[in-house]
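The values are calculated or read from the model by the stated rules, or taken from the named source; none is laboratory data. Small disclaimer: the values here were computed from a predicted structure and weren't measured. Don't worry about glycine lacking a Cβ; one is built from the backbone with ideal geometry, like all the others, and counts go over all protein chains shown. Surface areas here come from the heavy atoms of the whole protein model, side chains and all, with no ligands, DNA or RNA. Shrake-Rupley method; radii C 1.70, N 1.55, O 1.52, S 1.80 Å.
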Amino acid sequence: MQDYIIRPVKENDLGELLLLISEHADFERVPSDPAPNKGKLMKALFDPPVKLNCWVVEQQGKLTGYASFTFDFSTWDAADFMYMDCLYLREGSRGNGIGAAIIKKLYQVARERNCINIQWQTPAFNEPAIRFYHKNHAVSKSKVRFYLKVTHDDTTTLNA
């Protein structure tokens with residue numbers, strides 16, 4: 001018998017979700033304070049058109065994890081794909097099948113939406129997650145992820 005529920009996030013979950021997001025960022029060694037983004041996150045999750053899909057894991061009335069995902073289009077494959085932006089479970093919720101249940105649920109939704117694949121990334125140092133993903137039939141690709149911060153003032157000049 002499972003002691004958890006994987007369900008869509010609700011507006012009244014946002015406070016707990018922000019805590020999970022902060023824990024996740026700490027776990028991945030990324031400085032983050034999601035609190036200032038509460039309004040933008042609320043809008044992305046609940047205002048049509050929904051930009052971000054999110055499920056939470058509930059155990060004994062408390063949120064213990066979350067997964068968020070979007071849909072995008074692959075130039076190389078000329079097909080839709082699902083992008084899993086985040087998958088995080090608190091330490092006490094790991095190792096008992098919840099992560100695998102989330103992956104299975106994501107797979108079902110991706111299939112229903114005719115996605116060619118599900119893509120995501122994890123830090124190279126997160127070896128337990130890498131083992132978990134391989135165990136769940138994921139194939140890894142070596143790439144280096146970059147990002148370019150877009151500022152809305154004149155402080156950034158590009159050398160193009």
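Annotations
- Only residues that are part of a helix (DSSP H, G or I), open to solvent by 60 Å² or more (accessible area, probe 1.4 Å) and of a type in the set (A, V, I, L, M, F, W, C) were counted across the range 20-34, and they come to 1.
- Scoring Ile118 on the criteria (1) touching a residue at least 24 places away in the same chain (Cβ under 8 Å); (2) open to solvent by 80 Å² or more (accessible area, probe 1.4 Å); (3) of a type in the set (A, V, I, L, M) leaves a single failure, condition (2).
- In the range 1-19, residue surrounded by the fewest Cβ atoms within 10 Å (Cβ to Cβ) [restricted to those that are under 16 Å from Asp47 (Cα atoms) and acidic (Asp, Glu)]: Glu11
- Qualifying residue in the range 116-123 (condition: assigned to a loop (DSSP other than H, G, I, E, B) and farther than 26 Å from Asp77 by Cα): no
- Any hit, the range 101-113, residues being open to solvent by less than 100 Å² (accessible area, probe 1.4 Å) and over 25 Å from Ala44 (Cα atoms): no
- Whichever residue in the range 48-78 is open to solvent by less than 20 Å² (accessible area, probe 1.4 Å) and of a type in the set (Gly, Ala, Ser) and, among such residues, is farthest from Ile103 (Cα to Cα): Ser74
- Among the residues of the range 39-52, those identified as in contact (Cβ under 8 Å) with a residue 12 or more places away in the chain and under 16 Å from the mean Cα position of the chain (by Cα) are Leu41, Met42, Leu45, Lys51, Leu52.
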